[in-house]
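S.K.: Take a look at this one; I'll ask things after.
The values are calculated or read from the model by the stated rules, or taken from the named source; none is laboratory data. Predicted model only: the values in this text are computed from it and were never measured. Neighbour counts are summed over all protein chains in view; Cβ atoms, including those assigned to glycine, are modelled from backbone coordinates with ideal geometry.
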Amino acid sequence: MALVRIEALHKHFGSNHVLRGIDLDIEEGQVIALIGRSGSGKSTLLRTINGLESFDDGSIEVDGEHIRPQGTDLRALRMKVGMIFQQFNLFPHLTAGQNVMLATRIVRKMGDDAARDLAKSMLLKVGLQEKFDAYPDQLSGGQQQRVAIARALAMQPRVLLCDEITSALDPELVNEVLAVVKNLAAEGMTLIMVTHEMRFAREVGDKLVFMYQGRIHESGDPQTLFANPQTPELAGFIGSIN
Amino acid sequence: MSDIELSDIVRNLLGGAAWTLGLSLTAFVLGGLAGLAVLFARIARNPLPRRLAQAYIEVFQGTPLLMQLFIIFFGSSLIGLEIPPWLAAALGLTLFTSAYLGEIWRGCVEAIPKGQWEASASLAMSHVEQMRHVILPQALRIAIAPTVGFSVQVVKGTAVTSIIGFVELTKTGSMLANATFQPFLVFGLVALGYFALCYPLSAYSRMLERKIHGSRAH
C-alpha cells in the first residue's frame, strides 16, 4: 500500500487551472524528483501534500491521514509530513538548537532534556553539532538549510517534502546540502523533491515525475527517462536545462 | 497683577505636569492592553472580529480626539451618567491609544515574512502556537520603536483633555495665564514641560530604531 496516494487532484488559482487531475502513488522509502518548468504546478502539488495549499477536487492520503478539500486534521497530517523550503525559513530569533527543539517541545510535548538531546543528535546528523548555539544569521546559507533539515527530521516525519531546497544557495554550498539529502535517501527516508538539480535527480531519485501544464506528462525511472524521453516536451525540458 | 511669583507659576505647572504624566501612563498602559485585544481581533481568521476591529480602528483614527472626548464626556451625561473629567479623559485617551497601537502592531505582525508562518505550520504548530512562539517574538522586536514613538502622541494628546476641564499641564497653564496676564511666559513654560516629557521618548525611540536596524534578530 502506497505511503502517499494522490488521486484525481484538481486545483484552480482563480481562472487558472494549475493542477489538472494528478494521480501519483509514492511508496515508502522512495525518492521522487518532481521536475518541470516554472508554472507547471510542481511546487503547488508539493504544497498540497502537507496542506499549505488547498485543492478543489480529488484526494490525498498520507499514511492513513486523508486530506480533503474541506476539514482536514492538519495537525495529525503535519506530524507525518515534514517540509524544507527554498528560503530555509529558520526562526531568526532562536538559535539553531532552539529551532530544532521548538516544535518537538510544544507539538510533540517532549521534555526539555529529551528535546535537547534529540536536537543535538539531529544537528549531528547534518554535521552541525557545534552550531547548536549559533543564530541563523551567523550561519551560511548551506548551514541554515541543514539546520532546517534537522528541524524537520526532529519531528520524525514519514515523508519529507523538499521545495527547491538548493535554489537559493551559492553554487559552492549546494553540495553540502545535497550530501545530507543523499544520506537521508540512503537511510530509507521517503522524499518528494521539487528540484532543478538534474544530476542529483538522476543519481538519487527512484522515480522522476515530469510535470507539464498541470499534469504529470511523463514519469518513471530517472536513468531511462533522461536517456530516452518519450515526449518532445520532456526532451525539450532536458535540453534546456543542460 | 505680579504678586504671583515665577516660583509659584513653576510649582503649579509642575503639579499640572504630574497629572499629564499620570494620564499619559494610564492611557498608554490601558490602551496597550486594549490594543492587544484590537490586534488579535484584527488578525483573527474569523472575519467577524476582523471587521469589528477594523471599524473600531477607523472610527478612532478617522475622528478628532477632541470629538471623541466630547462624545464620551457630554454623551455620558446625556444618558444620565455623570462621569468626572479625569475619567472621561482617561477613557477617551485609552480608546484612542488602543486603536492606534492595535494598528501599529498589526503592521508589525504582517511584516513577518510568510515563510515563518509556513515553516511553523509545517511543523504542525497550531495558530496560537505559531503566534506565541514564532510570530509575536519577532513582531515585538520591530514594534518597540514605533510603539515608543507613538507614546509621544499620547503625551501630546493629553493636552486636548484640558477642554473638558481636566486640570493637567495645559489647563493649569491657561488658568495661570489668566491670573498673571503673562501668557507668553506661562505657555512658554508649558511648552517646555511637554518637550521635557516627549524629547526623551522620541530620542529613545530613535535609538531603538538604530539598534534594531543595526543588528538583525536575537
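S.K.: Quick one: is residue A:182 of a type in the set (Lys, Arg) and touching a residue at least 24 places away in the same chain (Cβ under 8 Å)?
M.R.: No; evaluated as a whole, the condition is false for this residue.
S.K.: Residues B:38, B:29, B:10: which one is under 17 Å from the mean Cα position of the chain (by Cα), touching a residue at least 12 places away in the same chain (Cβ under 8 Å) and assigned to a helix (DSSP H, G or I)?
M.R.: When all the criteria are applied, what remains is B:38.
S.K.: So, one more: Run residue A:37 past the list (1) touching a Phe, Trp or Tyr at 6+ places or on another chain (Cβ under 8 Å); (2) buried (at least 21 other Cβ atoms within 10 Å of the Cβ); (3) not small (Gly, Ala, Ser) and report the number of the one that doesn't hold.
M.R.: For residue A:37, the exception is condition (2).
S.K.: Further, regarding this structure: Quick one: would you say residue B:103 is charged (D, E, K, R) and within 14 Å of chain A (Cβ to nearest Cβ)?
M.R.: no
S.K.: For residues in region B:111-134 being more than 19 Å from residue A:50 (Cβ to Cβ) and in contact (Cβ under 8 Å) with a residue 24 or more places away in the chain, which is nearest to the other protein chains (Cβ to nearest Cβ)?
M.R.: Selected residue: B:112.
S.K.: Moving to a separate point now. For region B:128-150, state whether one or more residues are within 24 Å of residue B:85 (Cα to Cα) and surrounded by 15 or more Cβ atoms within 10 Å (Cβ to Cβ).
M.R.: Yes, region B:128-150 contains at least one residue that is within 24 Å of residue B:85 (Cα to Cα) and surrounded by 15 or more Cβ atoms within 10 Å (Cβ to Cβ).
S.K.: If you check residue B:134 against the conditions, is it β-branched (Val, Ile, Thr), under 26 Å from residue B:211 (Cβ atoms) and more than 13 Å from the chain's Cα centre (by Cα)?
M.R.: Taking the combined requirement at face value, the residue satisfies it.
S.K.: Strands (runs of 3 or more DSSP E) wholly in region A:127-240 with at least 3 residues that are crowded, with 21+ Cβ neighbours inside 10 Å - which ones?
M.R.: Numbers: elements: A:159-163, A:190-194, A:207-212, A:215-220.
Ranges flagged: A:159-163, A:190-194, A:207-212.
S.K.: Those residues that are among the aliphatic types (A, V, I, L, M) and buried (at least 20 other Cβ atoms within 10 Å of the Cβ), I need them from region B:14-56; list them, please.
M.R.: Result: B:17, B:23, B:27, B:38, B:39, B:41, B:53.
S.K.: Does region A:83-97 include one or more residues that are of a type outside the set (Asp, Glu), over 27 Å from residue A:42 (Cβ atoms), buried (at least 19 other Cβ atoms within 10 Å of the Cβ) and more than 9 Å from chain B (Cβ to nearest Cβ)?
M.R.: Looking through region A:83-97, at least one residue is of a type outside the set (Asp, Glu), over 27 Å from residue A:42 (Cβ atoms), buried (at least 19 other Cβ atoms within 10 Å of the Cβ) and more than 9 Å from chain B (Cβ to nearest Cβ).
S.K.: Then there is this: What single numbered condition from (1) farther than 13 Å from residue A:35 by Cα; (2) among the hydrophobic types (A, V, I, L, M, F, W, C); (3) free of Cβ contacts under 8 Å to residues at least 12 places away in the same chain fails to hold for residue A:204?
M.R.: (3)
S.K.: Identify the single condition in (1) charged (D, E, K, R); (2) over 17 Å from the mean Cα position of the chain (by Cα); (3) surrounded by 21 or more Cβ atoms within 10 Å (Cβ to Cβ) that residue B:106 does not satisfy, given that it satisfies every other one.
M.R.: (2)
S.K.: Limited to region A:63-76, what total is found for residues that are β-branched (Val, Ile, Thr) and within 13 Å of chain B (Cβ to nearest Cβ)?
M.R.: Qualifying residue count for the region: 1.
Okay, residues lined up against (1) in a helix (DSSP H, G or I); (2) within 28 Å of residue B:73 (Cβ to Cβ); (3) touching a Leu at 6+ places or on another chain (Cβ under 7 Å):
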| site | (1), (2), (3) |
| --- | --- |
| B:145 | yes, no, yes |
| B:148 | yes, no, yes |
| B:155 | yes, yes, yes |
| B:160 | yes, yes, yes |
| B:167 | no, yes, no |
| B:179 | yes, yes, no |
| B:187 | yes, yes, no |
| B:202 | yes, no, no |
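S.K.: Yes or no: region B:87-100 includes at least one residue that is among the polar types (S, T, N, Q) and within 14 Å of chain A (Cβ to nearest Cβ).
M.R.: no
S.K.: Let me ask something else about it. Out of A:57, A:25, which single residue is within 26 Å of residue B:124 (Cβ to Cβ) and modelled with pLDDT under 95? First the steps, then the outcome.
M.R.: On the way: A:25 fails: modelled with pLDDT under 95.
On inspection, the qualifying residue turns out to be A:57.
S.K.: Name the residue that is farthest from the chain's Cα centre (by Cα), counting only residues in region A:1-19 that are surrounded by fewer than 16 Cβ atoms within 10 Å (Cβ to Cβ) and not polar (S, T, N, Q).
M.R.: Ranking the qualifying residues of region A:1-19, first place goes to A:14.
S.K.: If I filter region A:111-121 for residues that are crowded, with 23+ Cβ neighbours inside 10 Å, touching a Cys at 6+ places or on another chain (Cβ under 8 Å), within 14 Å of chain B (Cβ to nearest Cβ) and modelled with pLDDT of 95 or more, do I get at least one hit?
M.R.: no
S.K.: Run down B:169, B:208, B:201, B:189 and say which single residue is more than 14 Å from every other protein chain (Cβ to nearest Cβ), within 30 Å of residue B:113 (Cβ to Cβ), surrounded by 16 or more Cβ atoms within 10 Å (Cβ to Cβ) and more than 15 Å from the chain's Cα centre (by Cα).
M.R.: B:208 is the lone residue from the list that is more than 14 Å from every other protein chain (Cβ to nearest Cβ), within 30 Å of residue B:113 (Cβ to Cβ), surrounded by 16 or more Cβ atoms within 10 Å (Cβ to Cβ) and more than 15 Å from the chain's Cα centre (by Cα).
S.K.: Tell me which residues, restricted to region B:155-184, are closer than 20 Å to residue B:92 by Cβ and of a type in the set (A, V, I, L, M).
M.R.: If the condition is that a residue be closer than 20 Å to residue B:92 by Cβ and of a type in the set (A, V, I, L, M), then B:155, B:159, B:160, B:163, B:164, B:167, B:169 are the ones that fit.
S.K.: Follow-up question, since we're still on this one. Just to be sure, is residue B:162 of a type in the set (S, T, N, Q) and buried (at least 20 other Cβ atoms within 10 Å of the Cβ)?
M.R.: yes
S.K.: For region A:151-170, name all the residues that are within 12 Å of another protein chain (Cβ to nearest Cβ), farther than 16 Å from residue B:118 by Cα and among the aliphatic types (A, V, I, L, M).
M.R.: A:153, A:154, A:159, A:168
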